[in-house]
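Take a look at the structure below.
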Amino acid sequence: MNASTTPAPTADVSVETIGELINLSGRQRMLSQRIVLHTVLAAQGHAAALDIARTCLATFASAHTDLAEGNTRLPGAFSEALRQLYFGKLRGDARIREFIVLVKSAIDTLSTGATQRNASLDALVAQATPMLELLQTITQAYQEEMHVCEVALRKRQAEIAAHLGRISMQANIVAMNARVSAARAGPYGREFSVITTVLADIIQEMDQLIRNVVGTDDAAQPGAGTRRSSTPASRTFGHMSLR
């Protein structure tokens, strides 16, 4: 995959998806070291080591493709920072693919039955630490994307809470004015007064939703000060006479 000459916009990726990408990227660090370890063990004559190295390499290569290019669930390098890491000056994608080729070369050599050290194996051992550092940098980049996503999510929650607060305040004023009008109407305003009581209950529920959105009971309570009815809305409507 080649980087586009025109930077693509940052995709809208959920916190859950970024969390999955962080886990996948973190696993790559462990796999890279397991690959080197078991390739070296295979060179020393350990029978099962070569198969383990092959299995780890297949998982590592598949995961890298998912991280860099994406799949049906994962977005690939979804931000400019990640695209720069994978396809920019750091050449993350190219370096990881070169590492994969190097591992395959070492495994192929060992598969012929040779147990002595070879040029591919020496190069692979030399790349173990630089590859770990690269994969650590990529994982940190995903963690930074998580932070950005969480900040944006909190901002959206605050904006929603503020918007709901304004609606609740307006509804509270309307309910108060309606109660005054119902009281002035005397017995003719009783049914209208029941409706305002139901509206007050709805405002109370809206205030609770606002507190839930911001995640604290210390959030602004726009409807505070309004007398609340302890009667459920459905029961109140049930006592209304329909004429």
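Here are the numbers for this structure:
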quantity	calculated
Ratio Rg/Rh [Cα only; Rh per Kirkwood] for region 102-166	1.51
Region 26-85: relative contact order as a whole-number percent, Cα under 8 Å and 6+ apart	25 percent
Relative contact order (%) - region 15-153, alpha-carbon pairs under 8 angstrom, separation at least six	34 percent
Mean-position separation - Cα centroids, region 171-186 and region 11-89, in angstrom	64 Å
Debye equation applied to the C-alpha atoms of region 24-155, log10 I(q)/I(0) at 0.12, 0.19 Å⁻¹	-0.49, -1.01
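Each reported figure results from applying straightforward, stated rules to the coordinates on display, with no laboratory input. Note that this is a predicted model, so its numbers are computed, not measured.
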